[in-house]
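Novice: Take a look at the following structure, please.
The values are calculated or read from the model by the stated rules, or taken from the named source; none is laboratory data. Predicted model, so just to flag it, every value in this text is computed and none were measured. Every residue, glycine as well, gets a Cβ built from its backbone with ideal geometry; the counts of neighbours run over all protein chains shown.
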Amino acid sequence: MILSCQNISKSFGTDVILSGASFHIEDHEKAALVGINGAGKTTLLRIIVDEMEPDSGVVALTRGKTLGYLEQHQDVNSTQTIYAELLSVKQELLQMEQRLRAMEHEMKHLTGNALSDLMEQYNRISVEFEHGNGYAVRSEVVGILKGLGFAEDEFDKQICTLSGGQKTRVALGRLLLSAPDILLLDEPTNHLDMSSIAWLENYLTGYSGAVLIVAHDRYFLNRVATKILEIDGGKLSVFAGNYSAYAEKKAQLRAAAWRAYLNQQQEIKHQEAVIAKLKSFNREKSIKRAESREKMLDKIEVLEKPTEVRSDMHLRFTPQITSGNDVLTVEHLSKSFPGNPLFSDLNFTIHRGERVAVIGDNGTGKTTILKILNELVPADKGAFTLGSRVHIGYYDQEHQLLHMEKTLMEEISDVYPDMTNTEIRNVLASFLFTGDDVFKRVSDLSGGERGRLALARLMLSKANFLILDEPTNHLDIVSKEILEEALRNYTGTVLYVSHDRYFINQTATRILELKNQTLINYIGNYDYYLEKVEELTKLYSSAPVSAAEQPAASSSKEDWARRKEEQALERKRQNELKKTEERISELETRSAEIDALMAQEEIFTDVQKCMELSQEKADLLSELDSLYEKWEELSE
């Protein structure tokens, strides 16, 4: 065991954040701390690292063990370069290296005992240097920087010139290089793109020390965590396994708690009814029996009603009108910024009912595509066309559409002036803004609160084409699940950018990957995308292409034409499948009607009618057999 927390309690005023929280972390264990926003996850980490005093309880780190902590936000103003900042973590090894080089120079001028003594000292330091992996220090720094998404031309940037997200990545790199015995990471994936998150997953999975992570990225937790610590209502519970195992166990426990609560309530009502009946007899013996039952009822420890999983936030997108089948057509779209070409000759279409996720590394231009579609940024070349009756609802990750100077009430009422104050309050309450919260200014809200307000505005828009830029940023897991369900039930069309692989897996019907300045189409969710990428990787790695076989410059257009053809074939298959299912349903309904008719006396006594219905049934069953085979082929 490397870390132990016993009976940790913490309150702020009347708000109980933690109550008697106890857990331990074993050597090499990978644990995750989960809970809704405000549950106390960061508070617990700050107590562990001694930045905050608990009201009661004890934190114990095994003697001689080291601890490293990554906070969510970094305020670093160093003038060092990114590379130098990370290299400084290995200062001791760098000094050893300098000493070894100096010794090598000295050896050229020494003889006899002086040389022997220096050689002995040199060998001792060499072993220590090699044991610390000194020969690979610089490649290790470069590997971590590239893994965290820094390009080589960024290595010389000064820390003070970086964005908050970049500073957090630098801090994470420093921490990984320092290799403490236990890592405490607070939202380490917030500022990483997909490839960097995948790299971090592999790094932490193979990390020799212990890890305690706070994260809302469920895919990441599934890959890394072997134990889940949940904070719910101030109580801390421990679950073995990854996030999916925890979610399944949590659902089972919740179902069991509901059964126990309902059974007890039923028993209480039954006993109260028996007591009332006994008293109504108005006999001494029956009254005594009623009193005896009352005493037993008073001794029952009444179970608390379990909280509803989704009772705190209500989200439902409902289009006001139905759009045409062709929602969006993009042709030959290109965009560059000075010295930074993003994409060129993009062509794609989106049809009604699709949920399309745009994925790719940071800086490839995903958000720019959405801004062009919302006419916030002009394209260099190309055009896009919206279909008939298309009404866009836009969610931008920076929440620039919100007015910072307005209150929450004003933010809604100014856009929807026909709504009454009561209606506005009800909508805001369904997004967890109650009481005086509605009079807060937007500028005073946290990132998560602004996200919820933007979702409230989006829900009220009644749009039939949602364009969402990182909609899960700053949302806790429960809120993400509510959004996922709302999008799955949405009858309109969705185009969104996201790094949340679990969210993509739950909602996407198609993925567009922005890579090498073009889009690659995958018809399916994130698991399907991974499967296809793995297949293509194996295919190309096993069959090297000679220089003579390299595709010409026009191959991207050929690929686009091929993808368009594949998409047309897929749409045709889907239409045929739908028609087949409708015909099967129609024939099965008629078959049931014939069976019902044949059971009626006026029919089964009419020989001619019976023969007609029997023949119709035989023809119907024959057609159904063919349709079942066709459906099976189309489904495959």
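Novice: Can you tell me which residue among ASN516, ASN525, ASN505 is surrounded by fewer than 19 Cβ atoms within 10 Å (Cβ to Cβ), in the same structural domain as ASP361 (by TED's automatic domain parsing) and not aromatic (Phe, Trp, Tyr)? Show your work before the answer.
Specialist: Numbers: ASN525 fails: surrounded by fewer than 19 Cβ atoms within 10 Å (Cβ to Cβ); ASN505 fails: surrounded by fewer than 19 Cβ atoms within 10 Å (Cβ to Cβ).
Matching residue, one of ASN516, ASN525, ASN505: ASN516.
Novice: Which residue is surrounded by the most Cβ atoms within 10 Å (Cβ to Cβ), if the candidates are limited to region 274-289 and must be of a type in the set (Gly, Ala, Ser) and modelled with pLDDT under 85? Write out each step before concluding.
Specialist: Step one: filter region 274-289 for residues of a type in the set (Gly, Ala, Ser), giving 276, 280, 286.
This time we only want the ones that are modelled with pLDDT under 85, so: 280, 286.
Numbers: SER280: 10, SER286: 14.
Result: SER286.
Novice: Looking at this structure, is PHE155 in contact with a helix residue (DSSP H, G or I) (Cβ under 8 Å, 6 or more places away or on another chain), under 30 Å from GLU398 (Cα atoms), of a type in the set (Phe, Trp, Tyr) and in contact (Cβ under 8 Å) with a residue 12 or more places away in the chain?
Specialist: It is true that PHE155 is in contact with a helix residue (DSSP H, G or I) (Cβ under 8 Å, 6 or more places away or on another chain), under 30 Å from GLU398 (Cα atoms), of a type in the set (Phe, Trp, Tyr) and in contact (Cβ under 8 Å) with a residue 12 or more places away in the chain.
Novice: So the check is Cβ under 6 Å with 6+ separation or different chains; which pairs have a first residue in region 406-435 that's in contact (Cβ under 8 Å) with a residue 12 or more places away in the chain and over 19 Å from HIS314 (Cβ atoms) and a second one that's assigned to a helix (DSSP H, G or I) and not aliphatic (A, V, I, L, M)?
Specialist: Qualifying pairs under 6 Å: THR407/PHE439.
Novice: In region 433-481, what residues are among the hydrophobic types (A, V, I, L, M, F, W, C) and over 26 Å from THR422 (Cβ atoms)?
Specialist: So in region 433-481, the residues among the hydrophobic types (A, V, I, L, M, F, W, C) come out as 433, 438-439, 442, 445, 453-456, 458-460, 463, 465-468, 475, 477-478.
If the condition is that a residue be among the hydrophobic types (A, V, I, L, M, F, W, C) and over 26 Å from THR422 (Cβ atoms), then PHE465, LEU466, ILE467, LEU468, LEU475, ILE477, VAL478 are the ones that fit.
Novice: Consider only pairs whose beta carbons are under 8 Å apart and that are at least six residues apart or on different chains; among these, list those whose first residue lies in region 439-453 and is closer than 16 Å to ASN426 by Cα and whose second residue is of a type in the set (Gly, Ala, Ser) and buried (at least 18 other Cβ atoms within 10 Å of the Cβ).
Specialist: Qualifying pairs under 8 Å: ARG452/SER479.
Novice: Residues ASP361, ASP437, ASP345: which one is assigned by TED's automatic domain parsing to the domain that holds THR493, farther than 28 Å from GLN574 by Cβ, surrounded by 14 or more Cβ atoms within 10 Å (Cβ to Cβ) and of a type in the set (Asp, Glu)?
Specialist: ASP361
Novice: Would it be correct to say that VAL211 is surrounded by fewer than 16 Cβ atoms within 10 Å (Cβ to Cβ), part of a strand (DSSP E or B) and aliphatic (A, V, I, L, M)?
Specialist: no
Novice: Just the residues that are assigned to a loop (DSSP other than H, G, I, E, B) and either over 28 Å from LYS480 (Cβ atoms) or touching a Lys or Arg at 6+ places or on another chain (Cβ under 8 Å) (or both), please, taken from region 311-351.
Specialist: MET313, THR318, PRO319, GLN320, ILE321, THR322, SER323, GLY324, ASN325, PRO338, GLY339
Novice: Considering only residues that are farther than 30 Å from PRO306 by Cα and assigned to a helix (DSSP H, G or I), which ones fall in region 254-289? Break it down stepwise before answering.
Specialist: Of the residues in region 254-289, the ones farther than 30 Å from PRO306 by Cα are 277-289.
Of everything in region 254-289, those that are farther than 30 Å from PRO306 by Cα and assigned to a helix (DSSP H, G or I) turn out to be LYS277, LEU278, LYS279, SER280, PHE281, GLU284, LYS285, SER286, ILE287, LYS288, ARG289.
Novice: Of all the residues that make up region 410-433, how many are of a type in the set (S, T, N, Q), under 29 Å from the mean Cα position of the chain (by Cα) and surrounded by 13 or more Cβ atoms within 10 Å (Cβ to Cβ)?
Specialist: Of the residues in that region, 1 qualify.
Novice: Look through ALA21, ALA39 and report the one residue that is buried (at least 20 other Cβ atoms within 10 Å of the Cβ), under 17 Å from TYR243 (Cβ atoms) and at pLDDT below 95.
Specialist: Just a single option satisfies the conditions, and that option is ALA39.
Novice: Give the residues of region 364-390 that are surrounded by fewer than 16 Cβ atoms within 10 Å (Cβ to Cβ) and touching a strand residue (DSSP E or B) at 6+ places or on another chain (Cβ under 9 Å), sorted by residue number.
Specialist: Of all residues in region 364-390, those surrounded by fewer than 16 Cβ atoms within 10 Å (Cβ to Cβ) come to 374-378, 380-381, 383, 385, 388-389.
Listed by number, the residues that qualify are ASN374, LEU376, VAL377, PRO378, ASP380, LYS381, ALA383, THR385, SER388.
Novice: Can you confirm whether LEU221 is under 20 Å from the mean Cα position of the chain (by Cα), at pLDDT 95 or above, outside the structural domain of TYR502 (by TED's automatic domain parsing) and surrounded by 15 or more Cβ atoms within 10 Å (Cβ to Cβ)?
Specialist: Against the criterion (under 20 Å from the mean Cα position of the chain (by Cα), at pLDDT 95 or above, outside the structural domain of TYR502 (by TED's automatic domain parsing) and surrounded by 15 or more Cβ atoms within 10 Å (Cβ to Cβ)), LEU221 does not qualify.
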